[in-house]
Amino acid sequence: MSQAKVTMDTAGVLHLSGVLDHSSGAALRDQGQALIRNTHATTVQVNCTAVTKSSSVGLALLLAFMRDAQQFGKAIVLTDLPEDMRKIAEVCGLTEILGIES
């Protein structure tokens, strides 16, 4: 199984990678919140290209990051969501909230 991680590059892009599930969610939540809080970027892009698998935990994580960005006065843009995350978002009625096309 791929180890999940969250990192931020110098351009303020948050990169999620690996398997997003119950075993990785809490740590990623804390790490991502700190990265969003500490970045100087006014818009945080969350890039999910390297996510290999996600449960609904992955979507909960994205929603939490959206709340964090709002709390810290930043905008957030989600990019490159894998198909499984898109399908879960569609089933849950979250595509509009997440700003993604179904």
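Taken together, the values in this text are just the output of simple stated rules run on the coordinates, not laboratory data. Quick caveat, the model's predicted, so the values are computed rather than measured. So basically every Cβ, Gly included, is an ideal-geometry build from the backbone, and we count neighbours across all protein chains shown.
Taking only Cα atoms of the chain, what ratio of Rg to Rh do you get with Rh as the Kirkwood inverse-distance radius? Display every interim value, and only then the final one.
Working: Rg = 12.3 Å, Rh = 13.3 Å.
My calculation of the ratio gives 0.93.
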Quiz prompt | Assigned charges on the beta-carbon of Lys, Arg, Asp, Glu; the range 5-98 dipole about Cα centre (debye) | solution = 200
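Quick check on the chain: helices-only [θ] at 222 nm, where DSSP H runs of length 4 and up contribute -39,500 (n - 2.57) each and the sum goes over total residues. Nearest 500, please. Walk me through the numbers on the way to the answer.
Values: 4 runs with 44 residues, N = 102.
Roughly -13000 deg cm²/dmol at 222 nm, from the helical runs in the chain.
How large is the Kirkwood hydrodynamic radius of the range 1-59, counting all unique pairs of alpha carbons, in Å? Before the final figure, lay out the partial values.
On the way: mean 1/r = 0.0868 Å⁻¹.
By the Kirkwood definition, the hydrodynamic radius is 11.5 Å.
Out of all DSSP beta bridges in the chain, what portion is antiparallel? Express it as a percent rounded to 5. Walk me through the numbers before you get to the answer.
Details: 4 of 16 bridges.
Approximately 25 percent, going by the DSSP bridge assignments.
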Practice problem: Could you order peptides 22-32, 91-101 by the average number of other Cβ atoms within 10 Å of their residues, highest first? | Solution: 22-32, 91-101
Quiz item: Counting other C-beta atoms within 10 Å, which of 67, 86 has the fewest, and how do the rest follow?
Solution: 67, 86
Quiz item: If the cut-off is a Cα-Cα distance under 19 Å, which aspartates and glutamates reach residue 87, setting aside same-chain residues fewer than 8 apart in sequence?
Solution: 21, 96, 101
Quiz prompt | residue 3 paired with residue 63, simple spin-label distance in nm, labels 7 Å along Cα-to-beta-carbon | solution = 3.0
